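Everything on this sheet refers to the single structure shown next.
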Amino acid sequence: MKRLLALTAAAFISLPLTPAPAIATATDPAALSHGTPGAPGAGDPYFPDQGNGGYDAGHYDLSLDYEPSSGRLTGVARISARATQELSRFNLDLVSTLSVRSVTVDGRTASYTQGGSELVVTPARALGAGRGFTVVIRYDGRPVHVVDPDGSVDGWIKTSDGVYNANEPQGAMTWFPGNHHMTDKATHRFTVTVPSTRVAVANGDLVAKVPKGGRTTYVWDSREPMASYLATVSIGKFELADSRIGGHRVTTAVDPKLAGDAAGFPDRHPPVLDYFSSIFGPYPFSSTGGIVDHAPEVGYALETQTRPIYPRVPSESLLAHELAHQWFGNSVTPTLWRDIWLNEGFATYAEWLWADKLGTRTVQAAFDQAYATAAEDEFWQTPTADPGGPENLFHDPVYDRGAMTLHVLRREVGDDAFFAILRAWAGEHKYGNADTAAFIALSERVSGRQLDALFDAWLFKPGKPSL
Ligand code: ARG
Ligand code: ZN
């Protein structure tokens, strides 16, 4: 379900062709048809290898078997996709420390190579443009997390009792093959088998739990489109709770070490979601909840779709932040990593709104506190809408200057237009991707105002904007 595949000429030139491409010979059937290889990346300057060209993934059916004691994962990925060009071969993103054992395309054996974080698949016959196809990949190995440009870790992060699985910005390739750029959203089904002493929690709705011979299989259905950085299969000694509370299906998994502090955790969701629904529009997913793990070594939470993951029991502001991402980031997703303020600035502003609603602190006070940062401070040197590189994705300016940008917009256009803009943003781009230019255009359309100067100062120019 791809909305964008903007491959610029520059991206073609700068992309490294990591794996040795399979060269078609005169006897190779692929050489007889007219397909060309899909691009090895989606063209995002922050992560050039991420994503792939030439096809659009629609559904991932993942069957995973994990043994925490050995760290061994055995997986079968069945991916339904559509060719967007006549395709002689195509890439998937998967780290080469996991070994691919076989690949079929529409049931026929396909050849493949692995190198870097690319799996290159050559089907027996080229795929016609527009054609739907299914690729099945059998693989195994011991997944490990990846270290990000900012030094944090993401991916398959092992804990004392299982896995803290958070994949923003690039961890998905550490545990399953896919088109891992946020512009290719797809539905997912996770069938995960673990020892019965553990629980496997994923996105979407729990549809089955089947114990058999000391192991239990959990099946999770994620029916709304999802970018793979928002997928999670987290494993541990969790207490699983699944109930309907105030019209929401709330599914939570809590590490028993935190059970005391987490008492009442499920009930904390509906009030936040109902407030956000009243201002942003309907909650976009079929279920909600959260995963509360004991992972002090990870330190950060992630808005994994439908069910955020937390390294501790979240504060009220962290809970509000991750739930707000379900609208801003998960349902409406940026098109490039540099637009990450559309996630983090919005979720931070939502924290301010929730604190105001609770009477803890007004939005204006939150703004004033952030704006009080001295003009000389390094903070003001990072423009909100392009933090400069992947090492700055989660820097304070992305969050706080992003939220301040929204508040300045609100002061400029008034509450009615401002909240109409937020609702239109969530509504018009539901389950899709949209960039900063689209947000500016929408703000001008809804408010009927020319807002270039405001956005220029707050989004694009370094330095502290004056009020
Ligand atoms: N989006 C997450 C949040 O704001 C932060 C993810 C940080 N990821 C990382 N690899 N450091 O809640
Ligand atoms: Zn966030």
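Between residue 129 and residue 70, the distance separating the two model label sites (each 7 Å from Cα on the Cα→Cβ line) works out to 4.8 nm.
Amide H contacts of residue 232: 203, each under 5 Å away and 5 or more positions distant or on a separate chain (H built 1.01 Å from N in the peptide plane; Pro and chain starts excluded).
Shown here are the Rg and Dmax of the Cα trace of region 115-250, at 16.8, 53 Å. Rounded to the nearest 20 debye, the dipole size of region 249-326 about its Cα centre is 140 debye, using +1 on the Cβ of Lys and Arg and -1 on the Cβ of Asp and Glu. Starting from 0 in steps of 10 Å, tell me what percent of the Cα-Cα pairs of region 143-190 lands in each bin. P(r) over region 143-190, rounded to whole percents: 26, 52, 20, 1.
Just subtract the alpha-carbon distance of residue 239 and residue 357 from 0.36 nm times their residue separation and send over the number in nm, one decimal. Don't jump to the answer; show the numbers that get you there.
On the way: separation 118, 0.36 × 118 = 42.48 nm, distance 3.09 nm.
Full-extension gain reported as 39.4 nm.
Radius of gyration (Cα atoms) of the chain, expressed as a multiple of 2.2 N^0.38 Å: 0.98.
Could you give the size of the charge dipole of region 168-278 about its Cα centre, using +1 on the Cβ of each K and R and -1 on the Cβ of each D and E, expressed in debye and rounded to the nearest 20?
Details: 12 positive and 11 negative charges, 92 e Å.
It comes to approximately 440 debye.
Once the convex hull of all Cα atoms in region 67-178 is built, its volume per residue stands at 103 Å³.
From the P(r) of region 260-318, can you give the percent of Cα pairs sitting at distances over 15 Å? Beyond 15 Å sits 52 percent of the P(r) for region 260-318.
Across region 112-119, rounded Karplus estimates of 3J(HN,Hα) from the backbone phi angles (6.51 cos²θ - 1.76 cosθ + 1.60, θ = phi - 60°) give 7, 9, 10, x, x, 10, 10, 10 Hz, Gly and Pro being marked x.
For region 201-288, how big is the tail of P(r) above 16 Å, as a whole percent of Cα pairs? Intermediate results must be reported in sequence, preceding the final value.
On the way: 2368 of 3828 pairs.
I get 62 percent for the Cα pairs in region 201-288 exceeding 16 Å.
Please list, in order, the residues from region 60-80 whose amide nitrogen is less than 20 Å from a point placed 7 Å along the Cα→Cβ vector of residue 102. The answer is 61-66, 73-80, whose backbone nitrogens lie closer than 20 Å to the label point. Counting only other residues whose beta carbon sits under 13 Å from that of residue 440, what net charge do I get with K and R as +1, D and E as -1? With Lys, Arg at +1 and Asp, Glu at -1, the neighbours total -4. Size check on region 355-467: the Cα extents along the three principal axes, sorted descending, read 37, 36, 27 Å.
Using R₀ = 25 Å, calculate the FRET efficiency as 1/(1 + (r/R₀)^6) where r is the Cβ-Cβ separation of residue 457 and residue 150; round to 0.05. The pair residue 457/residue 150 has a calculated efficiency of 0.45.
Listed values for region 121-138 are Karplus-derived 3J(HN,Hα) couplings in whole Hz (6.51 cos²θ - 1.76 cosθ + 1.60, θ = phi - 60°), namely 10, 10, x, 4, 10, 4, 9, x, 4, x, 7, x, 8, 10, 10, 10, 10, 9, and x replaces Gly and Pro.
No lab work stands behind these numbers, since they all come straight from the coordinates. Given the structure is predicted, the values throughout are model-derived calculations rather than measurements. Cβ sites come from the backbone with ideal geometry, for glycine too, and all protein chains shown count toward neighbours.
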